[in-house]
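> Below is the structure I would like to discuss, written out as structure tokens.
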Amino acid sequence: MRTRNLLFIACAIVVAGCGSERPNSRNSDAAPSMRTAEPRYQLANQCFIARHQGTGGYLQTSPSGSVSLVMKPADATPFFMKPTRLGHYVFFDTKERFLSQTSAAEVPASQLENILKQLGQTVEGLGDFIDLNADVHPVADGVDQVGEQVTAQSLVVSGAVREGAGRSLAMQAKPDDSSEWRISGAADALDVVNVVTEQGLLAEFGASQFRFIPATGCTDFPEISVNAQGEPFKGRNPDGTVFGYAETHMHLGGHEMFGGRLGYGKPFHKFGVAHALGRCEENHGPTGELALVDVVVNPNQGPPQHDVVGWPTFKDWPSYGGQTHQQTYYMWLKRAWMGGLRLMVNHLVANEGLCLLWPLKGTDCNEMETIEVQRQLVLSLQDYIDAQAGGPGLGFFRIVTSSAEARRVIESGQMAVVLGTENEKIFDCGEFLDRPDCTEASIERDLNTWYERGIRAIFPIHLVDNAFGGTRLTDEPAMNALYSVANLVETGHPYATVPCDGPDNIQPNEAQVESRSIFDTILLMFTNPPPVQPVTGCQRNARGLTPLGDHFIHRLIDYGIWVETDHTGTLARNRIFDIAQARGVPVFSGHTGEVSAKTKDSDRILQTGGLISQLPDSTSTDFITFVNDLEALHLKLFGNTRELATGMGSDINGLHIQARPREDVATKPLKYPFKSYDGRVVFDKQVSGQRVYDLNVDGVAHYGLFPDYLADIQMQPDGEKALKYVFRSAEAYLQRWAKVERARKQPPLKN
Ligand SMILES: [Zn+2]
Ligand SMILES: [Zn+2]
């Protein structure tokens, strides 16, 4: 008996460790390595029958939703064990229901009494059967005894339910918090406890330990698939560098911006994709009319109404032109990782002024509080992805706080995630009539706090002036006027402008105006701007870096934090370049490569040893044009391209449109299936529920289509060359980050 049990356990462990051989590999989140984890984590995304160790009975669910224990394994219900977080699960049965401890109002107390009586009778009546099947239970006498105990106990337990313990076991079609179970302990006796009631599962029988025995016949838990086969590259290049590309600017938690109700959807939900990407009407209204920001953002979008159903049809969203629906569901992220994404800078994002303007709110508008909500979300996302992969550290998604840690993560084949911030008033450092809302002392306190919380990249200035300096004036005259209003509201003063005195800024009439960011759009909708002051000639923000801003940049460098320079006004940005160059640290242009490239900013960024990434919001051919321009600039500045690398700065989730389909797809489509740039993974069209995504039709509708976009680049003239630079960008980021760390003065660098 003991030997048999151990075999079961060993089998479970082996199965959990072997990605492609797992019974439900279609849904599984294969771990990037074969490390072992505790037994409680290894149930993830697999099929089991559950044997109650107190009685020897197996869980069985009935069509009516009641739960029983039966003695024959063949009568047991197979459960798909879907993790809700590390060590927590839902039991998903073949009728797609969830084992729950429901309230008495939902399930009659008598039902539990029936369950317990049935068990008692079953166990008592099966002495002979059990005698002949020693594999199932070793001692028939013991079973009879247990049966008698159960019958005696059942009255007590059901009485307790009637008197107000208030909950009983049942299968529910819709999960609630009582559908979640925490599992701990050793493999042959995993303890199962409800997270709401803190009661052990069937603890009424004297024990809540279960043995989970691998089974077949489960109904798969609904999930989005990656539609990719193969194991992506890990290890090092022959020259010791890492391989892969960097996403230098994106927002996993964009849905939390502006009070949490403007966008819709989450990168994961403990009860699965139907909850993460369900119906958006709670935020967008019954016909989606409240997402009309999408229309203003992208005039090609059509009428504001959209089908509110996400999973499983995804008829109208997500889309490349929309900004109000979550585009980084974790399985889409996973597909991007399989396509070579190895480093991701996730900016926690907030804008108090626009949050106050948007009428629907779920959270407070304080920027630093919003940012903390998003940080917690990313921590939970890492936990959730680990849980799907079978244990702590096994998921592809790893939050890192140093370049050395990031390098280890990437070499092990996982994706390093760097946390940054992009908001108007970092550390609440706004200004009103040029009086700062913060002090050197408060900055010091907050730097300490947020460094400890893992922030390693910071935008000192965003869209409105703040205590550190002036914002970059937009190139578009109408937008310039609108931002002036926002600036007036937040700071009490309009922009102060001076004419451009050189080629630092492009002329307004040269600016592209085809797409707008969501910030622009909300301002258009909710502000009533005064008559637009026509911008005559080139103007730039007269506010440079303030003395407090000067101090802040130095302290960021002292802390070893990346300075993000996009959005900073010309004068302030030039001052940041001066400081960075004097201190020997690179600066960053993570998502406005094209804008930087049109100005002398690119020269300055590259001269600090910094990195420039393009916002890939246009077709693959346009992306290649950007890389060619960057190559020419490198040759002009350095006479070579040895240090040339460039990432993607998608700004996905609320801030910018993504790439539309190429104009010539009819004659020159991307062909499916295609291979990843490393040649190791074969990608088919991505399928989300009933929706099939095709880059040729859908553009980059969600984050899982970046491998498709990269393949589309590869097949264009100069595409191979462009990807050579792109796939150096993870290494380039690490080398430059190490330089930022070396300039650090305090606190001492760990690791
Ligand atoms: Zn919607
Ligand atoms: Zn952004």
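Read the figures in this text as sums done on the coordinates, not as results from a lab. Computed from a prediction, not measured in an experiment: that's the story for all the values here. Counting neighbours? That spans all protein chains shown, and the Cβs are built from the backbone with ideal geometry, glycine included.
> Within the stretch 675-705, what residues put their amide N at less than 15 Å from the label point 7 Å along the Cα-to-Cβ vector of LYS315?
690-692
> Label-point separation (nm) for ALA441 and ARG680, each offset 7 Å from Cα along Cα-to-Cβ?
Result for the modelled spin labels: 5.4 nm.
> What ranking, highest mean first, results for peptides 458-465, 548-555 when packing means the other Cβ atoms within 10 Å averaged over each residue?
458-465, 548-555
> Sticking with this structure for a sec: So what J values fall out for the stretch 556-571 if you push phi through Karplus, 6.51 cos²θ - 1.76 cosθ + 1.60 with θ = phi - 60°, rounded to Hz, Gly and Pro as x?
4, 5, 4, 8, x, 9, 4, 9, 8, 9, 4, 6, 7, x, 4, 5
> Please report, in Å, the Rg and the Dmax of the stretch 609-719, where both are computed over Cα atoms only.
Calculated on Cα positions, Rg and Dmax stand at 15.1, 52 Å.
> Once label points are set 7 Å from the Cα along Cα→Cβ at both ARG744 and VAL697, what is their separation, rounded to one decimal in nm?
A separation of 4.9 nm, rounded to one decimal place.
> Grab the Cα-Cα distance for GLU96 and ASN628, subtract it from 0.36 nm times how many residues apart they are, and report the gain in nm with one decimal. Each step should come with its number before you reach the end.
Details: separation 532, 0.36 × 532 = 191.52 nm, distance 5.25 nm.
Going from the current span to full extension adds 186.3 nm.
> Show me, for the stretch 726-734, the HN-Hα J-couplings you get by feeding each phi into the Karplus relation (A = 6.51, B = -1.76, C = 1.60, θ = phi - 60°), rounded to Hz, glycine and proline as x.
After applying 6.51 cos²θ - 1.76 cosθ + 1.60, I find 5, 7, 9, 6, 5, 4, 4, 4, 4 Hz.
> Given the Cα-Cα distance of GLU405 and ALA207 and 0.36 nm per residue of separation, how much length would full extension add, in nm?
67.0 nm
> While we're on this one: Can you pull the one-decimal nm distance between simple spin-label points at GLU372 and SER225, each 7 Å off the Cα toward Cβ?
Inter-label distance under the simple model: 4.3 nm.
> To continue, here is another question. Rank-order 276-283, 632-639 by packing density, defined as the average count of other C-beta atoms within 10 Å over each peptide's residues, highest first.
Highest mean packing first, the order is 276-283, 632-639.
> Arrange the following residues from fewest to most other Cβ atoms within 10 Å of their Cβ: GLU96, GLU422, GLU247.
Lowest count first: GLU96, GLU422, GLU247.
> So if each residue of separation counts as 0.36 nm, and I subtract the Cα-Cα distance between ALA173 and ASN448, what length gain in nm does that give?
Using 0.36 nm per residue and subtracting the Cα-Cα distance, I get 94.3 nm.
> List every residue whose amide H lies under 5 Å from the amide H of PHE210, counting only residues 5 or more places away in sequence or on a different chain, with H placed 1.01 Å from N in the peptide plane.
GLN53, LEU190, ASP191, VAL192
> Still on this structure: I'd like the FRET efficiency for ALA74 and SER184, computed as 1/(1 + (r/R0)^6) with the beta carbon distance as r and R0 of 25 Å, rounded to 0.05.
So the FRET efficiency works out to roughly 0.30.
> Evaluate the stretch 205-270: find the radius of gyration of its Cα atoms, find its Kirkwood radius, and give the ratio Rg to Rh.
1.15
> Which of the residue pairs LYS675/LYS724; LYS315/LYS685; LYS234/LYS334; LYS685/LYS721 have a Cα-Cα distance greater than 19 Å in the structure shown?
The answer is LYS685/LYS721.
> Related question: Which ordering of GLU424, GLU444 is given by a fewest-first count of other beta-carbon atoms within 10 Å?
Lowest to highest Cβ neighbour count: GLU444, GLU424.
> Shifting gears a bit: Tell me, what HN-Hα J-couplings in whole Hz come from the Karplus equation 6.51 cos²θ - 1.76 cosθ + 1.60 at θ = phi - 60° for each residue of the stretch 58-72, using x for Gly and Pro?
Rounded to whole hertz, the list is 10, 5, 9, 10, 9, x, 7, x, 7, 10, 10, 10, 10, 8, 8.
> Let me check I've understood the local charge: for ASP712, count other residues with C-beta under 14 angstrom from its C-beta, Lys and Arg +1, Asp and Glu -1. What total comes out?
Details: positive: ARG660, ARG662, LYS668, LYS671, LYS675, LYS685; negative: ASP622, GLU663, ASP664, ASP694, ASP698, ASP708, ASP718, GLU720.
My count for the surroundings of ASP712 gives -2.
> Per-residue counts of other Cβ atoms within 10 Å, averaged by peptide: what ranking do you get for 430-436, 369-375, highest first?
369-375, 430-436
> Then there's this: Around TYR264, which amide H atoms from residues at least 5 apart in sequence, or from another chain, sit under 5 Å from its own amide H, with H modelled in the peptide plane?
HIS325, GLN326
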